[in-house]
Amino acid sequence: MEKRKVRFEVYRYDPSKDTHPRYESYEVTVLKGMTVLEVLQFIKDNYAPDLSFRAYCRSAICGSCAVKINGYPKLACKTQVLREVEIYQTDTLRIEPLDNMKVIKDLIVDWDEPFEKLEKVKPYLVPNPEVVPDTLDKESRISPEQHKKYDRFTDCIMCTACYSACTAATYDENYAGPFQLARLYRFAVDPRDGIQEERARIGFLYDMWNCVRCEKCADICPKHVSPVNGVLGLRGIAVNSGDNTPGSRHVRAFYKSLLESGN
Ligand code: FES
């Protein structure tokens with residue numbers, strides 16, 4: 001079976017003891033198919049019992065194991081080491097905590113901020129009484145076409161990899177974040193939702209117009225959700241609803257200019 005020695009430079013930092021973060025180096029013989037998560041567990045079992053990282057499902061479902069692998073946010077349980085070695089043409093992989101969140105210890109980051117922001121955008125269905133029956137005996141059906149509008153966004157596992165890669169989240173404390181806005185959009189286009197119009201307004205309150213469309217969130221999402229499309233969808237809803245906030249006016253001005261002058 002294919003195997004290879006790989007060096008792992010792992011970010012180590014315990015804010016309760018350390019004045020600065022450091023990288024510790026561990027050499028591991030990796031077998032074909034081994035994931036980064038398996039290597040982290042191997043390091044913990046054999047070299048560094050105090051190494052901290054999160055992981056629960058080991059199946060790319062719970063979203064807890066996201067870390068940066070050579071600078072790129074990925075799920076440790078889904079990422080095979082030898083493939084990374086091939087991609088980067090190196091025998092050294094650097095494993096670090098995600099960005100845009102405070103480090104609690106080693107590879108564990110504090111999720112409070114992104115999830116408090118998620119809560120602010122009402123990431124749940126607010127039933128429209130005209131569409132959703134108030135008894136469980138009756139169904140609230142939607143068509144496949146309606147479902148298609150938000151289907152992709154329901155695949156989000158909230159691993160926060162997109163939040164880590166988001167430049168708007170780095171520079172704007174009020175910016176809700178990519179997966180949060182994608183979740184907001186998911187309900188904004190759900191025909192059963194009772195506050196659809198308010199949702200674009202919520203997006204405005206949490207700076208959806210500050211997304212610069214770098215598309216890094218789409219690039220790194222391990223579930224191919226492409227949160228930026230949710231942000232753009234919300235902006236579209238705002239513009240089409242006659243919203244008069246600066247972002248919508250900006251879009252309308254460009255559109256008018258395009259129609260009238262071709263520029
Ligand atoms: Fe659950 Fe990796 S351990 S997604």
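The values are calculated or read from the model by the stated rules, or taken from the named source; none is laboratory data. This structure is a prediction, so every number in the text was calculated from the model and none was measured. A quick note on method: Cβ atoms are made from the backbone with ideal geometry, for glycine too, and the neighbour counts reach across all protein chains shown. With ligands, DNA and RNA removed, areas are computed over all heavy atoms of the protein, side chains included. Shrake-Rupley method; radii C 1.70, N 1.55, O 1.52, S 1.80 Å.
Quick one: which residue in Arg252, Arg235 is of a type in the set (Lys, Arg) and crowded, with 19+ Cβ neighbours inside 10 Å?
Only one candidate qualifies: Arg235.
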Of the residues His147, His224, which single one is touching a residue at least 60 places away in the same chain (Cβ under 8 Å) and surrounded by fewer than 16 Cβ atoms within 10 Å (Cβ to Cβ)?
His224
Tally the residues that are under 25 Å from the mean Cα position of the chain (by Cα), hydrophobic (A, V, I, L, M, F, W, C) and in a strand (DSSP E or B), restricting the search to the range 1-47.
2
Every pair of residues 6+ apart whose Cβ atoms lie under 6 Å, when the first sits in the range 152-177 and is at pLDDT 95 or above while the second is hydroxyl-bearing (Ser, Thr, Tyr) and within 16 Å of the ligand (Cβ to nearest atom):
Ala169/Tyr163; Gly177/Tyr163
Of the residues Glu130, Glu139, Glu116, Glu198, which single one is away from the ligand (no atom under 16 Å from the Cβ) and modelled with pLDDT of 95 or more?
Glu116
Quick count over the range 48-57, residues being farther than 12 Å from Val10 by Cα and over 18 Å from the mean Cα position of the chain (by Cα), is 2
Determine whether the range 58-76 contains at least one residue that is within 12 Å of the ligand (Cβ to nearest atom) and surrounded by fewer than 15 Cβ atoms within 10 Å (Cβ to Cβ).
yes
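How many residues, within the range 102-116, are in contact (Cβ under 8 Å) with a residue 60 or more places away in the chain and open to solvent by less than 20 Å² (accessible area, probe 1.4 Å)? Walk me through how you get there before you give the answer.
Of the range 102-116, the ones in contact (Cβ under 8 Å) with a residue 60 or more places away in the chain are 103-107, 114.
Next, from what is left, pick out any that are open to solvent by less than 20 Å² (accessible area, probe 1.4 Å): 106-107, 114.
So the answer is 3.
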Verdict on Glu86 being away from the ligand (no atom under 16 Å from the Cβ), out of contact with any Leu (no Cβ under 7 Å at 6 or more places or on another chain), open to solvent by 20 Å² or more (accessible area, probe 1.4 Å) and assigned to a strand (DSSP E or B):
no
Top-ranked residue in the range 188-220 [being closer than 12 Å to Tyr175 by Cβ and assigned to a loop (DSSP other than H, G, I, E, B); ranked as most open to solvent (accessible area, probe 1.4 Å)]
Val212
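I'd like the residue in the range 117-136 that is of a type in the set (Asp, Glu) and closer than 30 Å to Phe204 by Cα and, out of all such residues, is surrounded by the fewest Cβ atoms within 10 Å (Cβ to Cβ).
My answer is Glu130.
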Please specify each residue of the range 48-67 satisfying the condition of being of a type in the set (A, V, I, L, M, F, W, C) and in a loop (DSSP other than H, G, I, E, B).
Ala48, Leu51, Phe53, Ala55, Cys57, Ala60, Ile61, Cys62, Cys65
Conditions (1) in a helix (DSSP H, G or I); (2) modelled with pLDDT of 95 or more: number failed by Lys223:
(1)
